[in-house]
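Since every read-out is calculated from the coordinates, none of them should be taken as a lab result. This one's a predicted model, so the numbers in the text were calculated from it and none came from an experiment. Counting neighbours? That spans all protein chains shown, and the Cβs are built from the backbone with ideal geometry, glycine included.
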Amino acid sequence: MSVSPLLSGVIGLILAAAVAVQSQADLVGQWDVGEGSSTASIQFDFLDGQTFLFDLSWDGDLTGREAFDLLAGDDTGRFFFEFDYIAYSFGDFLTGVGIEDSYDYGEGSPPDYADTWKYWTAEGDGLWESSMIGFSDRILTDGSRDAWVFGNYDPPAQIPAPATLALLGLVPMSRRRRR
């Protein structure tokens with residue numbers, strides 16, 4: 001079977017885009033945590049370039065801060081998660097997060113105040129927005145996404161979709177043979 005030059009070009013562009021997207025995030029670990037009818041995700045982008053993703057499930061109300069307690073309290077041994085914060089009367093200020101071998105800590109030192117965890121939120125497939133409220137006040141909803149980025153003001157890293165990983169040969173795809 002021969003492939004037309006146009007189709008070859010399109011496939012090349014798709015693969016180039018997939019590689020570009022892949023290079024934006026080094027997804028080191030992804031875990032499902034908790035049980036319930038609602039599900040949300042929390043992404044952590046560390047200064048060392050590593051990204052971790054948690055898909056949380058729960059019933060009832062859950063704040064962004066309570067989600068951290070859920071992660072830290074997971075006793076399955078599948079992952080290591082710790083966090084540090086400063087409690088203020090108006091809410092909690094996240095200062096440190098450790099997942100597996102990555103750990104970043106900061107309280108916003110001058111002159112650029114970049115050594116902090118920046119909080120981003122999105123609903124469903126919506127665009128990331130810098131959060132205007134703290135994680136103590138954020139109520140997670142079914143399908144919501146939260147992200148924490150350390151050391152810069154960039155939005156969360158793009159994580160390749162499973163279809164992109166399949167194009168790169170990182171996820172096995174089923175093949176069908178024509179007769």
Legend entry - Whole-Hz ³J(HN,Hα) from phi, Karplus 6.51 cos²θ - 1.76 cosθ + 1.60, for segment 80-89, glycine and proline x: 9, 9, 9, 8, 10, 8, 10, 8, 10, 5
Inset, instruction - Can you grab the distance from the C-alpha centre of segment 35-51 to the C-alpha centre of segment 94-141, Å, no decimals? - result: 11 Å
Inset, instruction - Step through the residues of segment 117-129 one at a time and calculate ³J(HN,Hα) from phi using the Karplus curve (6.51 cos²θ - 1.76 cosθ + 1.60, θ = phi - 60°), rounding each to whole Hz and writing x for Gly and Pro. - result: 8, 8, 9, 10, 9, 8, 10, x, 8, x, 6, 5, 10
Inset, instruction - Taking 7 Å along the Cα-to-C-beta vector as the label spot, tell me the Ser57-Asp69 distance in nanometres, rounded to one decimal. - result: 2.2 nm
